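No lab work stands behind these numbers, since they all come straight from the coordinates. Being a predicted model, the structure only gives us computed values, none of them experimental. Neighbour counts are summed over all protein chains in view; Cβ atoms, including those assigned to glycine, are modelled from backbone coordinates with ideal geometry.
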Amino acid sequence: MGFELTVFEGLSAFPVTPSNSDGMVDCDHFGRLVNHLNRDGVSSIGVLGSTGGYMYLTTEERSRAIHTAVDAAGTMPVLAGIGALRTNDVITNVKNAEKAGAQGLLLAPVSYLPLTEADVDSLVQDVVNATDLPICFYNNPGTTKFNLDENQLVRLANAGTIDAVKNPPAPEGDFVGQIDRLRATVPNDFCLGYSGDASIAGALEAGADAWYSVLAGTLPDIAIELWNARNDVNQLKAINERLAPMWKLFDEYGSIRIIHEIADMVGLGNVKLPSPLLPLGTATRQNIEQALNSIEAIEDQFV
């Protein structure tokens with residue numbers, strides 16, 4: 001970005017959150033998963049994202065998870081998901097994240113009934129009033145059913161209420177157009193980040209400031225390789241082609257189901273999906289193994 005690095009910039013690795021059938025976080029296992037990500041090339045660790053199962057955990061278990069992550073991350077910044085159905089629970093999550101030592105917040109506008117633009121404005125302001133920590137708006141319309149359109153994003157950014165955005169893939173894949181429009185209208189130090197690993201190469205080529213990555217949360221080395229290739233179009237495309245079988249599985253089954261299987265396959269321990277989500281079948285697991293083989297850089301990284 002040409003300015004002082006913000007906590008939301010760079011490659012942020014989002015791990016799964018191990019828990020038992022009662023929704024109790026296995027802090028020992030989670031700590032090892034977080035520690036596994038503490039390496040050169042990863043800029044921060046994002047806990048309690050969608051693949052981290054945040055909506056399947058109580059506020060108490062989420063607090064335990066954030067404390068565990070901060071302890072295990074060492075000097076690595078931890079970004080904490082705070083989204084919840086009720087605003088009072090969001091604020092509780094904010095306070096717990098502050099106490100744990102998180103350095104940034106990820107705010108998803110979670111809802112049962114569809115939220116309006118005014119609802120979300122109010123939610124963001126309530127969080128701003130409750131904390132001095134920087135806030136990244138977690139724009140995940142496929143899950144929350146609320147899409148932060150560019151006009152509202154620009155308004156919130158210029159009001160100083162949000163410091164970053166975690167956007168889904170750009171409409172029709174036009175990352176260049178979206179990033180150019182937003183850069184011209186948001187503050188210079190605002191972080192334009194993207195998720196949606198299967199489409200991330202387009203965002204990286206277009207100059208995104210951050211990649212909030214599910215893949216990096218379990219397979220950091222190949223994600224670092226892709227992130228580091230963002231200024232070399234040929235290398236970026238070559239690495240992304242190696243990942244094509246994995247991206248296809250992400251699109252077909254959803255990253256949360258695929259990543260939980262991968263964690264076990266690469267020696268990171270068995271991490272069960274939160275109930276009522278069911279594991280994938282044998283044939284799909286075989287396809288995941290083939291996708292892992294195509295990456296070539298996979299090895300036993302868990303200590």
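With helices as the sole contributors, the chain gives -13000 deg cm²/dmol at 222 nm; each DSSP H run of n ≥ 4 counts as -39500 (n - 2.57), and the sum is divided by every residue.
Under the criterion of Cα pairs below 8 Å and six or more residues apart, the relative contact order for the range 197-270 equals 32 percent.
Mind scanning LYS99/LYS166; LYS95/LYS145; LYS99/LYS237 and naming the pairs with a C-alpha gap bigger than 30 Å?
Working: LYS99/LYS166 24 Å; LYS95/LYS145 26 Å; LYS99/LYS237 42 Å.
From LYS99/LYS166; LYS95/LYS145; LYS99/LYS237, over 30 Å: LYS99/LYS237.
Distances between placed amide hydrogens fall under 5 Å for GLY254 paired with no residue 5 or more residues away or on another chain. Across the range 125-140, rounded Karplus estimates of 3J(HN,Hα) from the backbone phi angles (6.51 cos²θ - 1.76 cosθ + 1.60, θ = phi - 60°) give 5, 4, 5, 4, 5, 9, 8, 9, 5, x, 10, 9, 6, 8, 8, 9 Hz, Gly and Pro being marked x.
Note on the chain: dipole from Cβ charges, positive end direction compared against LEU105, ALA206, THR185; the farthest Cα belongs to LEU105. Relative to one another, the C-alpha centroids of the range 45-124 and the range 234-288 are positioned 24 Å apart. Along the range 167-174 the Karplus relation, 6.51 cos²θ - 1.76 cosθ + 1.60 evaluated at θ = phi - 60°, assigns HN-Hα couplings of 8, x, x, 5, x, 6, x, 8 Hz to successive residues, with x for each Gly and Pro.
Rounded to the nearest 20 debye, the dipole size of the chain about its Cα centre is 380 debye, using +1 on the Cβ of Lys and Arg and -1 on the Cβ of Asp and Glu. When both the range 145-196 and the range 23-37 are represented by their alpha-carbon centers, they are found 31 Å apart. In this rough spin-label picture, where each label sits 7 Å from Cα along the Cβ direction, the ASP132-THR284 distance is 4.6 nm.
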